[in-house]
Amino acid sequence: MTDAEPQSRPGAQQPASASASASASEATVAPGAQPVLVALFRRVRQQVAKAVVGQEQVLEGLVAAVAVGGHVLLEGPPGVAKTLLARAFAASCALDMRRIQFTPDLLPSDVTGTLTLRAGELVFRKGPVFANVVLADEINRTPPKTQAALLEAMQEGRVSVEGESHELPSPFLLMATQNPIEYEGTYPLPEAQLDRFLMKLHVRYPQEVEETAMLGLRRSGTATATLADVEQVVSAEELLEARSVVDGTRVASEILPFVSGIVRRTRELPAVELGASPRAGVHLLAVAKATARLAGRDYVTPEDVTDNAVAVLAHRLVLKPEADLDRYDPAEAVAAAVAAQPVPR
Ligand SMILES: Nc1ncnc2c1ncn2[C@@H]1O[C@H](COP(=O)(O)OP(=O)(O)OP(=O)(O)O)[C@@H](O)[C@H]1O
Ligand SMILES: [Mg+2]
């Protein structure tokens, strides 16, 4: 893969209207210098491409998530490189990464840690959740109790065992993978916990050229040998710097009611039982800011919001049973909410 222009979303390059109240020439970046998040994404993409062909949209989502400190759910059919992509991404950042394979017999303490006896004293032995990047693989293969232990940690930023609380490291990013819920032997994540995920990103089958190119990668047996070639190109400090840049992204006053309007409309749709939460609105605005920066802008456009609405909102909606029967899905509900909300001019 060459170091081409970052992937952009349709319609996301230009302010949709004068209300965005800024122009590219006002950007805070010095002429010739690459905006921080654009440069960071390019470096990461170049490394990840050594192991994963394509899936750049998903990678862009992972970079946006780590830039705003949000957790991501990767969903897709078996064998489309969900795990490989998460591992390659973590390998490209100088972060401490742990992988937890979720199985039906995994216990909460296998995730969070346990008290063990050492020299006659009870000491806390940290579980694999104590890492900067935690890959929670096949999270819906474990029963709710173990899922809950992890999701509690991700919301609180700490783990409590026997009344004592232990802080998780910073940054802390959870990447969870799951097969679509209709697969056998899965435990769907509870709605309240889904709301804590910033985005659900769909990992889809590759294009034909990508699938062919993927076969040409160096392998050891069936394992991807090129994962070892992925170099660390982003430090924890750079990620924190990127976060403060994203935080500083300009948001015109019309954007706020646009975001809350979309979120509130998801609650009013007749087919929806549980709509998006206020937290979902916070998440949508944060992702829109990161998207703006990934496109090299320092201000949010309405398209930054609408382009991310499905990824940020759909997994939080619960539809009424009759809508489920009609095969109406949450992404369609989000699209309906977006379509009903007037775009700021
Ligand atoms: N886009 C791709 N680029 C490179 N290798 C790929 C790609 N898609 C699939 N592969 C190959 O397929 C293998 C399976 O990928 P991986 O284990 O990451 O899938 P998964 O989506 O996590 O599957 P599961 O849902 O079964 O856990 C990879 O190790 C790799 O060899
Ligand atoms: Mg996997």
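A few remarks follow.
- Taking each residue as 0.36 nm, the span from A223 to K145 lengthens on full extension beyond its C-alpha to C-alpha distance by 24.9 nm.
- Sequence of K200, K320, K145 once ranked by neighbouring C-beta atoms within 10 Å, starting from the fewest: K145, K320, K200
- Rg ratio (alpha-carbon, reference 2.2 N^0.38 Å) - the chain: 1.02
- Long-range HN-HN contacts of L168 with modeled amide H, under 5 Å: R158, V159
- Highest to lowest packing among 327-333, 85-91, scored as the average C-beta count within 10 Å: 85-91, 327-333
- Where only DSSP H runs of four or more residues are counted, the chain gives -12000 deg cm²/dmol as its mean residue ellipticity at 222 nm, each run worth -39500 (n - 2.57).
- Build a GNM of the chain with springs between Cα atoms under 10 Å apart, and of V287, V36, V209 the one that fluctuates most is V209.
- Amide H contacts for G127 (H built 1.01 Å from N in the peptide plane; partners 5 or more residues away or on another chain; cut-off under 5 Å): G113, T114.
- Low-density loop cleavage sites - GluC sites (Glu not before Pro) in the range 178-236, where at most 10 other Cβ are within 10 Å (DSSP): E182, E184
- As a rough guide to protection, the peptides 157-166, 131-140 ranked by mean Cβ packing within 10 Å, highest first, stand as 131-140, 157-166.
- In terms of distances greater than 28 angstrom between alpha carbons, the cross-link table entries K50/K126; K289/K320; K145/K200; K50/K145 yield K50/K126; K289/K320; K50/K145.
- Summarising the amide proton neighbourhood of Y299: residues at separation of 5 or more, or on other chains, whose placed amide H is nearer than 5 Å comprise R250.
Only the coordinates and a few stated rules stand behind these numbers; no lab work does. Since we're looking at a predicted model, the values are computed, not measured. When we count neighbours, we look across all protein chains shown, and the Cβ atoms used for this are built from the backbone with ideal geometry, even at glycine.
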